[in-house]
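Student: One structure coming up, written as structure tokens, with questions to follow.
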Amino acid sequence: MSKVRVRFAPSPTGGLHLGGVRTVLFNYLFAKHHGGDFIVRVEDTDQTRWVAGAEEYIFDCLKWCGLEPDESVLHGGDFAPYRQSERKAIYRQYADQLIEAGHAYYAFDTSEELEKMREELKAKGSHSLQYDQAIRMGMNNSLRLLPEETAALLAAGTPYVVRIKMPANEFVSFTDMIRGELSFDTNTVDDKVLLKADGMPTYHLAVVVDDFLMKISHAFRGEEWLPSAPVHILLWKYLFGLDAMPAWAHLPLILKPDGNGKLSKRDGDRLGFPVYAMDWTDPKTSEITKGFKEIGFMPQAFVNLLAVLGWNDGSQQELFSIEELIEKFSMEKVHKGGAKFDYEKAKWFNHEWIKKSAAPDLLSLVKKVMESNQLSISNDDYLLTVIELVKERCTLLTDFYEQGKFFFEAPVNWDLPSVQPKWDAGKKSFFESFAQALQTVEIWDVASIENTFKALATEHNIKVGELQMIFRVMLVGSKMGPGVFVIAQAIGREDSIARVQKALQHF
Ligand code: GLU
């Protein structure tokens, strides 16, 4: 096999959907598994859909996920430029070549004429309103016009598009790496536009030309492109020969949790979970769509959960590091059917990744969470201790704030409804003595604090359980958190005593 070269070819039209990141991931895993190259090519030939900031955002997402390309607009490479709008001059010769060989033609139809055609088809009760072989000879194109009429229109600078001339009665087949042998009847495919009036290629022409020029060996894309496959295969056949064509895999859709359709941003809004990789701000409306990163997902967990959406290695294993994925991934094990997205399961992956990560690996992520909540962290070692104590309790990285903030700040509110029914003069006197006793605990560790607490409880003849709950509310403000003596040890003697004394004034 010649060198594996795969590409992710996003159009910069907005936020990056998790289906897009999964396409990136499968490309990346396949390339790395085979020691090949992963290329990102920006497909921005449709200027009407171009959105400011979308390209930068896509690269930021890839960086966050750790799926860095080998070649791209940002990373450079031997096949530059990697942005199709900068390759505009390349495509026309291929369109010309197709016209010369009789596989494509000039179409001069105005938008009014196209509209009229659709109206007529509708009136005839036709199901398809396509520009295709059934109607092309009634339209304003170089197939119907005399050569001199076409030449005159061209010479007069009449706007035109170039369309592929779909052959009649042919079957176009190819072997998809996931779906196997697929065949299409050319009679059902329309004469797609290849070159637009502004001289820009459409996706159909550009994808074939660029996959050829960039020596792409395998092309993976979403299943929604399957209907266009016959057009691309014919273009390969006409321009470069089928032997040069990359192997194709059409990836199954990621489905909404409660239906069969493709998971959309709207489903995320409706059901309350993110669908984009990172926060995306629409430059026109300034509306922010939440992303997995900002909601508190670890990139490793995000990558892991996407990998198993539609792929598994045949074992029961669910947690995979990127290294394991690279080792085990194969396109043949990608499922044909769509995979339903399950947000609860997605969170489960994140929880598992938080638990299995060592505190130092979480440090910078958690620090950001704390700081974005106005908690300034001056001592990394202390934060590491806190991370170790609470990570089992955190599903999302953002949970570290709620679960850990009391290690840094004394509570200003307490769960009084839990404390008050148990509060009486005996308990008050216990905690006054306990605050005293804490001054003299010799070694400030969990065992000594606990022993002091229990001995004093016996002396005061009060049940330890109730006292412990109250002590916890004094330190934390609520009934949550790890072991109360562990908390006391972590926050230190002075702070523990101060919190008990402050609570005594309020309870
Ligand atoms: N530009 C296409 C898209 O946005 C890429 C499809 C492909 O990978 O060939 O989906």
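Taken together, the values in this text are just the output of simple stated rules run on the coordinates, not laboratory data. Quantities reported herein were computed from a predicted structural model and do not represent experimental measurements. So basically every Cβ, Gly included, is an ideal-geometry build from the backbone, and we count neighbours across all protein chains shown.
Student: If the reach is capped at under 18 angstrom between alpha carbons, list the aspartates and glutamates near Lys463, excluding any in the same chain fewer than eight residues apart.
Tutor: Filter leaves Asp424, Glu432, Glu450.
Student: Just check the chain against the gyration tensor rule for me: Cα atoms, a ≥ b ≥ c as the square roots of the eigenvalues, rounded for a/c under 1.5, and otherwise prolate or oblate depending on whether a/b exceeds b/c. All intermediate terms of the calculation are to be shown ahead of the outcome.
Tutor: Working: a/c = 3.35, a/b = 2.93, b/c = 1.14.
Because a/c hits 1.5 or more and a/b exceeds b/c, the chain counts as prolate.
Student: Same structure again: Longest exposed-loop-site-free stretch of the chain, with GluC sites (Glu not before Pro), DSSP loop and at most 16 other Cβ within 10 Å?
Tutor: Details: sites that count: Glu170, Glu287, Glu318, Glu409, Glu442.
My reading of the result: 1-169 is the longest stretch.
Student: Could I ask something else about it? Can you give me the Cα centroid spacing of the range 1-43 and the range 293-343 in angstrom?
Tutor: Using only Cα atoms to place each centre, the spacing works out to 15 Å.
Student: Same structure again: Tell me, in nm to one decimal, what length is gained between Glu402 and Lys502 on full extension, where the rule is 0.36 nm per residue of separation less the Cα-Cα distance? Kindly include the intermediate steps, with their values, before the conclusion.
Tutor: Working: separation 100, 0.36 × 100 = 36.00 nm, distance 2.12 nm.
That pair, Glu402 and Lys502, stretches by 33.9 nm at full extension.
Student: What Rg and what Dmax come out for the range 37-79 when only alpha-carbon atoms are used, in angstroms?
Tutor: Rg then Dmax for the range 37-79, in Å: 11.1, 31.
Student: Here is a follow-up. Within the range 65-173, which trypsin sites (Lys or Arg not before Pro) sit in a loop by DSSP and count at most 11 neighbouring Cβ atoms inside 10 Å? Please report the intermediate quantities before stating the final value.
Tutor: Working: sites: Arg83, Arg87, Lys88, Arg92, Lys116, Arg118, Lys122, Lys124, Arg136, Arg144, Arg163, Lys165; in loops: Lys124, Arg144, Lys165.
When the trypsin sites (Lys or Arg not before Pro) of the range 65-173 are filtered for loop state and at most 11 Cβ neighbours within 10 Å, Lys124 remain.
Student: Longer than 22 Å from Cα to Cα, which of Lys237/Lys262; Lys63/Lys336; Lys63/Lys367; Lys265/Lys347; Lys265/Lys355 are they? Say none if no pair is.
Tutor: Values: Lys237/Lys262 32 Å; Lys63/Lys336 29 Å; Lys63/Lys367 19 Å; Lys265/Lys347 18 Å; Lys265/Lys355 29 Å.
Those over the limit are Lys237/Lys262; Lys63/Lys336; Lys265/Lys355.
Student: Continuing with this model, one more query. Only bridges whose two residues both fall in the chain count here: according to DSSP, what percent of them are antiparallel, nearest 5?
Tutor: The answer is about 55 percent antiparallel.
Student: Which value at 222 nm does the chain reach when only helices count, each DSSP H run of 4 or more adding -39,500 (n - 2.57), with the total divided by all residues and rounded to the nearest 500 deg cm²/dmol? Intermediate results must be reported in sequence, preceding the final value.
Tutor: Details: 21 runs with 227 residues, N = 507.
The helix-only estimate for the chain comes to -13500 deg cm²/dmol at 222 nm.
Student: Could you pull out every one of the lysines with an alpha carbon less than 25 Å from that of Lys124, ignoring same-chain neighbours closer than 8 positions?
Tutor: Straight-line reach from Lys124, under 25 Å: Lys116, Lys165, Lys192.
Student: Sticking with this one: Please compute the Kirkwood hydrodynamic radius over the range 137-270, one decimal place, Å, based on all pairs of different Cα atoms. Intermediate results must be reported in sequence, preceding the final value.
Tutor: Numbers: mean 1/r = 0.0578 Å⁻¹.
Taking every pair of different Cα atoms in the range 137-270, averaging 1/r and inverting gives 17.3 Å.
Student: Where the centroid of each part is defined by its Cα atoms, how far is the range 56-111 from the range 392-431 in Å?
Tutor: 58
Student: Give me a comma-separated list of calculated 3J(HN,Hα) values for the range 448-463, in order, Karplus coefficients 6.51, -1.76, 1.60 applied at θ = phi - 60°, integers in Hz, x for any Gly or Pro.
Tutor: 5, 5, 5, 4, 4, 4, 6, 4, 5, 4, 4, 4, 7, 6, 10, 5
Student: Give the residue from Ile377, Ala9, Val172 lying farthest towards the positive end of the charge dipole for the chain; charges sit on Cβ (+1 for Lys and Arg, -1 for Asp and Glu) and the dipole is referred to the Cα centre.
Tutor: After comparing all options, I get Ile377.
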